[in-house]
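One structure is given below, encoded as structure tokens.
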2 protein chains.
Amino acid sequence: MDSTVTIKDVAERAGVSAGTASRVLSGNPATSAAARERVRAAAAELGYRPDARARALRSARSHAVGLLVSDVRNPFFADIAHGAEQAALAASYVTLLANANEDTAQQDIYLEAFLTQRVDGIIIAPQGEGGGNLRALERARTPLVFVDRTVEGFDVPSVTADNAQGVELAVAHLAAEGHTRIGYIGGPRSVSTGRARHDAFLAAVARHGLEEDPELITAGDFRRASGGTAATALLSGRKPPTALLAADSLMAVGALGAVRRQGRRIGSDLALVAFDNIDWFGELAPPLTVVAHDARELGEHAMRLVLDVIEGRPAESVVLPMHLVVRESSTGRAAGA
Amino acid sequence: MDSTVTIKDVAERAGVSAGTASRVLSGNPATSAAARERVRAAAAELGYRPDARARALRSARSHAVGLLVSDVRNPFFADIAHGAEQAALAASYVTLLANANEDTAQQDIYLEAFLTQRVDGIIIAPQGEGGGNLRALERARTPLVFVDRTVEGFDVPSVTADNAQGVELAVAHLAAEGHTRIGYIGGPRSVSTGRARHDAFLAAVARHGLEEDPELITAGDFRRASGGTAATALLSGRKPPTALLAADSLMAVGALGAVRRQGRRIGSDLALVAFDNIDWFGELAPPLTVVAHDARELGEHAMRLVLDVIEGRPAESVVLPMHLVVRESSTGRAAGA
DNA sequence: GCGCGGCGTGGAATCGATTCCATAGAATCG
DNA sequence: CGATTCTATGGAATCGATTCCACGCCGCGC
């Protein structure tokens, strides 16, 4: 009844050799009906549970996929993890979830751990310039897939969102609402989504003929506090914006608090559009307008992609569309320009 | 340069046997300075990365701890995971994070996976009555620790919060603000925290001489939607409450939306106190009053506890205190009783 | 100068499961 | 009925690292 039941114990109880027991349990057809029955019974009675490590050691397949997200506490990544996990489960793979905590050093630690655990594949929302263990990964030939973000110079399949399109949707919407001064709270340039959204914002502003004022552009680090700092800076400029666009949900929340502390109200005094459609953004007062991509779908796609690579099927990168969910945070009377 | 560098390759390059190479790399003192130097050089040159599975197989220690949370998308559990992970890292253990998704079947799947992976220990925020693989775990003698929640009939160390105290703090605060009709949005009775908070609420209401009306008591499932349903029901009763107490953060968010859709405002029209101090609760308009326990600390404690059990040190259950963080959601003028 | 203790090392066994190989016995065919 | 193929099986090798055992060699002591 102990957990130390090995296949030998099962074999002995069934009166067969370990080889035969293994064949029965792995569904090898070269087994007699009698052996099948007795081995299965013995396994059930003893509560046999194969040792995944021994199995993986011999058969060079661990049936585990490492998933390294940048920040578990960011609901967007939690959703990605959830989607990936469900997809893995459906293919009877196990997901090992690890958290880089927006920190390159910690990212390296977990990549190292994945490598020594000999996972069959790795999904990562990478950060940094691609130094450290990312290069080691490439050398180790472990199947790798990028999700949400990419790193230049890596020929790796990825699942990303159409950031340029998302930004364009947001800016077009705000422009249509009559805004001409939009403050942008961007992400770090060390992350691909940070760069893509930044560039797309500049382009969209130009395209719609809005005010191109460098004072309207700020950059945070995708964490909450930086959104507050950025919003405060934007609102205390000489000529503050009438609308804000935040490049991720955590910074949007930070901005929310900063705006409130300045005594201004989202929706009526100031429009706000955020990236990432977090579940509860629709429950707030006022509900937030967002540029959304389905994080769960992102995760599912990424998992399917890495399984494709692992199992030798062709794998193509995917770019998912973004869409605009208009809520009240951007449709109170627009402050006149 | 491939990842298939074994200790034999290292040994060969260094001109020693595999045994000696192993001794050098594991810091065994019975090695000569010459061997140490050459083995280390060879390992570095070849990019040797020991195979964790082979190592674990032989030495019966995987240096991995399984962490099974009820719902990764609940920020409270994401914080627990984060705390546990950091504590594990400090002790050079790896955390395998899995998500039960508030589903007993999925909980069993991952417990099974942990067992076959032969993790050294498991931390779980359990759900259900303790059937299924929870019993198998006990038999397998895998070190086990409960976090946040417990299951009756298991003699397992745990890290929990003082729920009774938390509820009492919340009710006392609301009573002091002049409320006599408090609506309670509780959790499921199948979860220990759901039961504890429910019972504590009844006791606190009685103790403070508030109205004991069964219509004021509702129960959700710790998910967002159920909080909205419960709040709607409470507010459309014959004599609606003037304050709400929600037993977790997701249900509080659901309630937030329901209240807004009813055209009432948190803070001025209706007080709200929530369990769990989610980062961004302080940023909302109005900021939410919460009964808080430090989720990260909960996770850290749980990890330390399970490592104590694994390494044979005595392990004592811990009950962490809760405290009240008063913000504006409960201090607008109290609606008169 | 001989013996004994200790250090460093190579070789082999081991962990648990899978898989190759050889073989015994049954089944099939001419 | 003998030769051959096929099937089920046991035994052994294997995966990669650790650890036990035994041995050679050095130095020290008598």
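Read the figures in this text as sums done on the coordinates, not as results from a lab. Treat the numbers as computed from the prediction; the structure is a model and nothing was measured. Please note: Cβ atoms are built from the backbone with ideal geometry, for glycine as well, and neighbour counts cover all protein chains shown.
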Worksheet, complete the sentence: Projected onto their principal axes, the Cα atoms of the range A:200-337 stretch, largest extent first, over whole-Å spans of 58, 33, 26
Practice prompt. Take every Cα-Cα pair in the protein assembly as shown and report what % of them are more than 46 Å apart.
Written response: 25
Fill in: Cβ-based net charge around B:L250, under 11 Å, with every Lys or Arg adding one and every Asp or Glu removing one
-4
Worksheet entry | Inter-part distance where the range B:128-181 and the range A:229-292 are each reduced to a Cα centre, Å | 37
Worksheet item: Which percentage, to the nearest 5, of the DSSP beta bridges contained in chain A is antiparallel?
Response: 10
Worksheet, complete the sentence: Taking the protein assembly as shown and counting helices only, DSSP H stretches of n ≥ 4 at -39,500 (n - 2.57) each over all residues, the nearest-500 ellipticity at 222 nm comes to -13500 deg cm²/dmol
Worksheet, complete the sentence: Note: B:246-259 gets an average of partner chain Cβ contacts (10 Å, Cβ to Cβ) equal to 2
Practice prompt. Would you tell me the mean number of C-beta atoms belonging to other protein chains that fall within 10 Å of each C-beta in A:95-104, as a whole number?
Written response: 4
Worksheet item: Rounded to whole Å and sorted largest first, what semi-axes of the equivalent ellipsoid does the C-alpha gyration tensor of chain A yield via the square root of 5 times each eigenvalue?
Response: 51, 19, 16
Response to the item:
Projected onto the charge dipole of chain B (unit charges on the beta-carbon of Lys, Arg, Asp and Glu, signs +1, +1, -1, -1), the Cα from B:Q165, B:A60, B:A33 with the largest positive-side position is that of B:A33
Worksheet, complete the sentence: Of all DSSP beta bridges with both partners in the range A:188-337, the antiparallel percent, nearest 5, is 25
Practice prompt. Might you report the magnitude of the Cβ-based charge dipole of the protein assembly as shown about its Cα centre, with Lys and Arg at +1 and Asp and Glu at -1, to the nearest 20 debye?
Written response: 820
Worksheet entry | Sorted peptide list for B:34-42, B:87-95, A:108-116, criterion being average Cβ within 10 angstrom, highest first | A:108-116, B:87-95, B:34-42
Worksheet item: Restricting the count to DSSP beta bridges whose residues both fall in the protein assembly as shown, what percent are antiparallel, rounded to a multiple of 5?
Response: 10
Worksheet item: Once Lys and Arg get +1 and Asp and Glu get -1 on their Cβ, which of A:G312, A:S329, A:Y110 lies farthest toward the positive end of the dipole of the protein assembly as shown?
Response: A:G312
Worksheet, complete the sentence: Over the Cα atoms of the range A:7-50 the radius of gyration and the largest Cα-Cα distance (Dmax), both in Å, equal 8.8, 24
Discussion item. How would A:S330, A:S317, A:S192 line up from fewest to most surrounding beta-carbon atoms within 10 angstrom?
Written reply: A:S317, A:S192, A:S330
Worksheet entry | Among A:H208, A:G186, A:I122 the positive-end extreme of the charge dipole of chain A (Cβ point charges) | A:I122
